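Just so it is clear, none of the values below were taken in a lab; they were calculated from the coordinates. It should be emphasised that the depicted structure is a prediction, and the values quoted were computed from it without experimental measurement. Here the Cβ is made from the backbone with ideal geometry for all residues, glycine too, and neighbour counts use every protein chain on show.
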Amino acid sequence: MLAQAAALCAAYVIGSFPTAYLVGRVNDVDLRTVGSGNLGATNVFRTLGWKWGLLVYVVDGLKGAFPVLWLPGAIGMAAGWPWGVVFGLLAILGHVRPVFLMGKGGGKGVATASGVFIALAPVPALCAMIGFVIVVAISRYVSLGSLVGAVVLPVALMLQEGAVTPLVLVGAAVGAFVFWTHRENIGRLRRGEERRIGRSSSTTSGGRA
């Protein structure tokens, strides 16, 4: 029981690793005060460039994949359902509400959720990522791509599983959570105020992602 409790805490702490915050500090920038104010890969991309943005995306994805793949074995449990899923969800929670930043100012969970499902269900996760890339390439809205990926994921999971399994329900719950973390973006998309990739902050007021 103690090992399971320690592993649960470890998953949350791993997810809490403040990648974007540290990258900003390396560049003498507090990303909570510039751009969207969000500690996610998109704000890093817009503020510091694609190389730093890609680094943050990869590390944040690993924050999700590592607890899923490693922690179940560390406590003598099989990977996947249920422990791998639980550890993945805690990593996502840690990313959104990081303990190192007093539970505030995290990202929106997309990159970490991607890592979780790449570890749990690679093909559905890849489908969601392809949907994300296509939508962003066409629309230039990262937030819209994230929302589409959040819809594609549970659909692809259901097609793979052939039924509404617990993993499909988890995918749907994570997709709904992504919609919740993007609720302000959804409002701006509806009003035509959301910023596109490649558009400077001066061209659109109030745009955040």
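The table for this structure:
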{"read-out": "Residue among Val142, Val151, Val178 that is among the β-branched types (Val, Ile, Thr) and more than 22 Å from Gly88 (Cα to Cα)", "value": "Val142"}
{"read-out": "Any hit, segment 70-92, residues being under 30 Å from Arg140 (Cβ atoms) and among the aliphatic types (A, V, I, L, M)", "value": "yes"}
{"read-out": "Among the residues listed as Asp30, Asp60, the single one being of a type in the set (Asp, Glu), under 21 Å from Ser143 (Cβ atoms) and touching a helix residue (DSSP H, G or I) at 6+ places or on another chain (Cβ under 9 Å)", "value": "Asp60"}
{"read-out": "Tally of residues being hydrophobic (A, V, I, L, M, F, W, C), within 18 Å of the chain's Cα centre (by Cα) and part of a loop (DSSP other than H, G, I, E, B) across segment 156-196", "value": "0"}
{"read-out": "Test for Ile134: is it of a type in the set (Val, Ile, Thr), out of contact with any Leu (no Cβ under 9 Å at 6 or more places or on another chain) and touching a residue at least 60 places away in the same chain (Cβ under 8 Å)", "value": "no"}
{"read-out": "Thr181 among the polar types (S, T, N, Q), surrounded by 15 or more Cβ atoms within 10 Å (Cβ to Cβ) and within 24 Å of Leu8 (Cα to Cα)", "value": "yes"}
{"read-out": "Boolean, Leu167 is closer than 28 Å to Leu22 by Cβ, in contact with a Phe, Trp or Tyr (Cβ under 8 Å, 6 or more places away or on another chain), touching a residue at least 24 places away in the same chain (Cβ under 8 Å) and surrounded by 20 or more Cβ atoms within 10 Å (Cβ to Cβ)", "value": "no"}
{"read-out": "Members of segment 169-191 found to be over 16 Å from Val142 (Cβ atoms) and of a type in the set (Gly, Ala, Ser), listed by number", "value": "Gly171, Ala172, Ala173, Gly175, Ala176"}
{"read-out": "Residue in segment 105-114 that is farther than 22 Å from Ile197 by Cα and either without any contact (Cβ under 8 Å) to a residue 60 or more places away in the chain or of a type in the set (A, V, I, L, M) (or both) present", "value": "no"}
{"read-out": "Hits in segment 108-138 - residues which are outside any helix (DSSP H, G or I) and under 17 Å from Ala176 (Cα atoms)", "value": "Lys108, Gly109"}
{"read-out": "Selection within segment 109-151 - surrounded by fewer than 17 Cβ atoms within 10 Å (Cβ to Cβ), over 24 Å from Thr165 (Cβ atoms) and of a type in the set (A, V, I, L, M, F, W, C)", "value": "Val133, Ile134, Ala137, Ile138"}
